[in-house]
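Enquirer: For reference, the structure I am asking about is given below.
Taken together, the values in this text are just the output of simple stated rules run on the coordinates, not laboratory data. All of these numbers come straight from a predicted model, not from anything done at the bench. Because the Cβ atoms are built from the backbone with ideal geometry, glycine has one as well, and the counts that use them run over all protein chains shown.
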Amino acid sequence: MKRLSIIILTLGLSAVGTSLVEAHAFLDHAEPRVGSLVASSPSVVKIWFTDGLRKNGSRIEVFDAKGQRVDKGDVSIDAVDKSIMQVSVPRLAAGPYKVVWNAVCPLGHHTSGSFVFEVKSP
């Protein structure tokens, strides 16, 4: 009986640990792809996350090689799939761009990161 209680406790703690890890939104993939060279300027930068997002606190910012912010500041979270966030960008000149993101999941946990992509021609 004692051994069965230990097994049940271990399984229960494993389940709790798994749900805590899943309560964070991490970058799954992006468009433009992380580290990619795109042929022409995108109209939006879109990121898919591993969990749904809260609007309050979640953001994407896009910077040019000089560190100037170039996105339009109109961050939105998809109405149907809350794990997708995007921001519009104007026609981008050729060169590298850095995307900085901050994601807040429904439970309030924050994650953040960045990636780069490059535009071959506008």
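Enquirer: Treating cross-link reach as a plain straight distance, find the lysines whose alpha-carbon is under 24 Å from the alpha-carbon of residue 120, omitting any fewer than eight places away in the same chain.
Expert: 46, 66, 72, 98
Enquirer: May I pose another question? Using a Förster distance of 22 Å, how high is the FRET efficiency between residue 88 and residue 50, based on the Cβ-Cβ distance and rounded to 0.05?
Expert: 0.40
Enquirer: Long-range amide H contacts for residue 51: which residues qualify at under 5 Å (H placed 1.01 Å from N, peptide plane, sequence gap of 5 or more or a different chain)?
Expert: Here the answer is 26, since their amide H atoms fall under 5 Å of that of residue 51.
Enquirer: What list of ³J(HN,Hα) couplings, whole Hz, do you get for the range 59-74 from phi and the Karplus terms 6.51, -1.76, 1.60, once you set θ to phi - 60° and write x for glycine and proline?
Expert: Listing the rounded values in order: 7, 10, 10, 10, 10, 7, 5, 8, x, 7, 6, 10, 6, 8, x, 9 Hz.
Enquirer: If we sort 86-98, 48-60 on the protection proxy, mean other Cβ atoms within 10 Å, highest first, what's the order?
Expert: Going by the mean number of other Cβ atoms within 10 Å, highest first, we get 48-60, 86-98.
Enquirer: How much length, in nm to one decimal, is gained on full extension between residue 68 and residue 116, taken as 0.36 nm per residue of separation minus their Cα-Cα distance?
Expert: The residue 68-residue 116 span can extend by a further 15.9 nm.
Enquirer: Another one. Counting only residues 5 or more places away or on other chains, whose amide H sits under 5 Å from the amide H of residue 38 once H atoms are built in the peptide plane?
Expert: Here the answer is 118, 119, 120, since their amide H atoms fall under 5 Å of that of residue 38.
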